[in-house]
1. Can you compute the helix-only [θ] at 222 nm over the chain? Use -39500 (n - 2.57) per DSSP H run of at least 4 residues, normalise by all residues, nearest 500 deg cm²/dmol.
2. Using the per-residue mean of other Cβ atoms lying within 10 Å as a proxy for protection, in what order, highest first, do the peptides 273-280, 344-351 fall?
3. On alpha carbon coordinates alone, what is the Rg over Rh value for segment 254-351, Rh being the Kirkwood radius?
4. Give me the extension gain from V351 to E320: residue separation times 0.36 nm, minus the current Cα-Cα distance, reported in nm with one decimal.
5. Where in the chain are the helices, taken as whole DSSP H runs, whose Cα atoms extend 18 angstrom or more along the long axis and whose Kyte-Doolittle mean reaches at least 1.0?
6. Lysine pairs in the chain with Cα distance under 29 Å, only those 8 or more apart or on different chains: how many are there?
7. I'd like to know which of H68, Q214, Q154 lies farthest towards the positive end of the charge dipole of the chain, counting +1 on Cβ of Lys and Arg and -1 on Cβ of Asp and Glu.
8. Just checking my list (1) 155; (2) 135; (3) 203 against volume of the Cα convex hull per residue in Å³ computed from this structure; which label fits?
Amino acid sequence: MGRKAGGAKPWSKRRNHGSFRAMTDATPTETLRALAETALARAGANPRMAALTAEALVAGEAIGQPGHGLSRVPQYAAFLRNGRADGAAEPKVIAQRPGTALIDAGHGLAYPALAMAEAEGAARARANGVAFIGITNSHHAGAMGLPVARLARQGLVAMAFTNSPFAMPVPGGRRPLLGTNPVAAAFPRRDAAPLVIDLALSQVARAKIAGAAQRGEAIPEGWALDAEGRPTTDPKAAMGGAMLALGGPKGAALALAVELLCVALTGAAFGFEADGFFQDEGNRPALGQALLVIDPGALAGEAGYLTRVETLVAAMLEDEGVRLPGARHGALPAGLSIPPALLEKIRALTV
């Protein structure tokens, strides 16, 4: 792909927690997907849940988000075994109008409900111009850029939101009430990969702090507070305290908006009502997700939309060094490098 079509670098040259080193130390992607699927099925996930979850975690690894990648397999397996996630759950639409639908994930892993939301969103947006799909009684939703990127490859503009267990204070507060509440958006392009924006509303993803705690590394000041509300560089103290919002009070206000979108409209649980993902024991989080899908043809028209997007992209790429967001969202590579200890842990879950 040329620079004007996305500026992506070859897969083998990207760095993301070791997910792409030389292919000589990589495990075939299909092998990793099959191992993850088997591990989740052994833990109690039904066939569709196991397959969709494995696909999502491999894709998360491939786009450089290891915190939403294969490291989640042992965590999800524990949740399935201890009842924090229902492996038998089948998502279903429980309320609908022409441009909206509410999906009950049934306390299962989120990915079957997200797949249903994608299909419902695409169909309703094409019929009505716009669609809003809510999900309730859901779980950890992984890399939110993945579902919106798939919709953008169908020619649709999409935004996705999820709340998560409490981690950040509200604007002006000290006690964590809001989740890190990721937001993702994807915009189709003419004959090129879509633009994909995907970010949590905390300074960093909570998984980064958890990883630093596991490795015994300090974190930069400005990422988190301890339980007393003091800035800390100790990741363990941060895990017991509060994350800081991206952009301070403005980011916290955005996180509040996402919390309300994902919960008040769907009947899901607020972040402060859900036990954290980084503890094996706890309640079923019952979180909410929301998906907004727009057919560009219903507004300025597809041709006009694409012309405007390409005008902006061309202006962006006039500056040397600009990387278009979402360049990693493409075909999966042949292999992925993951830490050997994690690979062995996943293999152990398959027997």
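The values are calculated or read from the model by the stated rules, or taken from the named source; none is laboratory data. Here the structure is a predicted model, which is why all the values come from computation and not from measurement. Backbone-built Cβ (ideal geometry, glycine too); neighbour counts: all protein chains shown. Side chains are part of the model used for accessible areas, which takes the heavy atoms of the whole protein and leaves out ligands, DNA and RNA. Shrake-Rupley method; radii C 1.70, N 1.55, O 1.52, S 1.80 Å.
1. Result for the chain, helices only: -11000 deg cm²/dmol.
2. Taking the mean over residues of other Cβ atoms within 10 Å, the ranking is 273-280, 344-351.
3. Rg/Rh: 1.12.
4. This chain segment gains 6.1 nm when fully extended.
5. 249-263
6. Lysine pairs meeting the criterion: 9.
7. The residue sitting most towards the positive pole is Q154.
8. It is the one labelled (2).
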